[in-house]
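Trainee: Got a structure here, written out as structure tokens. Questions coming.
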Amino acid sequence: MIAVRHATPADIPAMEALIARSGIELSVGFYTGEQAQAVTRHVFGVDTQLVADRTYFVIEKDGQLAACGGWSKRSTLFGADRTKQGADPLLDPAREAARIRAFFVDPSAARQGLGRLLLQHCTEAAVAGGFHTLELAATMPGVPLYAACGFEVVEELELDLPENVKVPLAKMRKVVG
């Protein structure tokens, strides 16, 4: 049994644990161990604004948290609470892209269609919110999923993290609705 529901503040500790597992284990073959550790420690995590906005979701599989992710009507492109600085203003759906944010799947549930299900759910919600374009910053492990779902790379990014660790990302976009 698979269920998608809004994330709640009570879910945050379990989501943070899932994100840490996913960030390390599903990065194998895409990032070095050092890159996976650095991006997981310094960037990945829950953005509680998305939980408050009710645009962040969890997928439960057989009653267990199996994935989390969301969309945003705010300007932040990626990162957890600890990476944000200042206000996070609302986007104008008529001229700006909604953000697809913080998709993570538990390694035990990887490659079972949960990321695709979550992406479809978020796309429908963003379209219902008036958006016509989606944008995201994909990690290298996420690029194949997003490309298979119609997103195109529009810019290559590189994060400069502590201890001189550089982590590549891909800014991707898709027109919807």
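The values are calculated or read from the model by the stated rules, or taken from the named source; none is laboratory data. Note that the coordinates shown come from a computational prediction; the quantities given were computed from them, not determined experimentally. We place every Cβ from the backbone using ideal geometry, glycine too, and count neighbours over all the protein chains shown. Surface areas here come from the heavy atoms of the whole protein model, side chains and all, with no ligands, DNA or RNA. Shrake-Rupley method; radii C 1.70, N 1.55, O 1.52, S 1.80 Å.
Trainee: Let me spell it out: the conditions are (1) within 20 Å of ALA170 (Cβ to Cβ); (2) open to solvent by less than 50 Å² (accessible area, probe 1.4 Å), and HIS42 meets all of them except one. Which number is the exception?
Mentor: (2)
Trainee: Any residue at all in the stretch 55-65 that's small (Gly, Ala, Ser), in contact with a Leu (Cβ under 7 Å, 6 or more places away or on another chain) and open to solvent by 30 Å² or more (accessible area, probe 1.4 Å)?
Mentor: The answer is no; no qualifying residue exists.
Trainee: Out of all the residues in the stretch 57-65, is one or more part of a strand (DSSP E or B) and among the β-branched types (Val, Ile, Thr)?
Mentor: yes
Trainee: Within the stretch 85-105, take every residue that is in contact with a helix residue (DSSP H, G or I) (Cβ under 8 Å, 6 or more places away or on another chain) and more than 19 Å from MET140 (Cβ to Cβ) and give me the one that is surrounded by the fewest Cβ atoms within 10 Å (Cβ to Cβ).
Mentor: Restricting to residues being in contact with a helix residue (DSSP H, G or I) (Cβ under 8 Å, 6 or more places away or on another chain) and more than 19 Å from MET140 (Cβ to Cβ), the top hit is ASP88.
Trainee: Output the residues belonging to the stretch 73-82 that are loosely packed, with under 14 Cβ neighbours inside 10 Å and at pLDDT below 90.
Mentor: Listed by number, the residues that qualify are ASP81, ARG82.
Trainee: Note down all Cβ pairs under 6 Å where the first residue falls in the stretch 103-132 and is assigned to a helix (DSSP H, G or I), the second is at pLDDT below 95 and open to solvent by 60 Å² or more (accessible area, probe 1.4 Å), and they're at least six residues apart or on different chains.
Mentor: Pairs that qualify, where the first residue is assigned to a helix (DSSP H, G or I) and the partner is at pLDDT below 95 and open to solvent by 60 Å² or more (accessible area, probe 1.4 Å), are VAL127/GLY177.
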